[in-house]
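A short reminder: the numbers here are calculations on the coordinates, not readings from a lab. Because the structure is a prediction, the values reported are computed rather than measured. Here the Cβ positions follow ideal geometry from the backbone for every residue, glycine too, while neighbour counts run over all protein chains shown.
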Amino acid sequence: MEAAGGTPEQSAEAMAMTMKNMLGLVCDPVAGLVEVPCVKRNALGASQAMISADMALAGIKSRIPCDEVIEAMYRVGLQMPSSLRETGEGGLAATPTGRAVQRKIFGLSPQEEREESE
């Protein structure tokens, strides 16, 4: 952002605009790996950051200040169930396809092994 001639204040505006759109995003790596869905999400986040930078350079400001967006993101993260916070236990990782990918790569999960032995 600053490399494009922006100020530190404009960088903070761009960050706030981008982070507001990612607030509460479920972190659900399939099989605990970053390939699905994280790689694509990171690419989309990067494109969103570029658009936010252009908007900030054009003088558009975030209604909520950057430091408040960061604090809100922290609070939202604390409120999310642990299954949605990079555990690979919820969201896309818990879909039938997500579980099939996990089994293909690693075999049965500990929970699945317990269920099969019962």
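Mean-square fluctuation check for the chain, GNM, Cα pairs under 10 Å: which of GLN102, GLN48, GLN79 is largest?
Largest GNM mean-square fluctuation: GLN79.
Which residue, GLY91, GLY32, GLY107, has the most motion in a Gaussian network model of the chain that connects Cα atoms within less than 10 Å?
Residue with maximal mean-square fluctuation among GLY91, GLY32, GLY107: GLY107.
Can you give the angle from 0 to 90° between the axis of helix 66-79 and the longest principal axis of the chain, with both taken from C-alpha atoms, to the nearest 10?
The helix 66-79 is inclined about 20 degrees to the chain.
Can you pull out the trypsin sites (Lys or Arg not before Pro) in segment 61-118 whose DSSP state is coil and whose Cβ has at most 15 other Cβ atoms within 10 Å?
When the trypsin sites (Lys or Arg not before Pro) of segment 61-118 are filtered for loop state and at most 15 Cβ neighbours within 10 Å, LYS61, ARG63 remain.
Could you give the angle, 0 to 90 degrees to the nearest 10, between helix 8-22's Cα long axis and the longest principal axis of the Cα atoms of the chain?
Computed tilt is about 30 degrees.
Could you tell me the largest-minus-smallest coordinate of the C-alpha atoms of the chain on each of the three principal axes, in descending order and whole angstroms?
62, 26, 17
I need to check one value: relative contact order of the chain, counting alpha carbon pairs closer than 8 Å and at least 6 residues apart, in percent.
37
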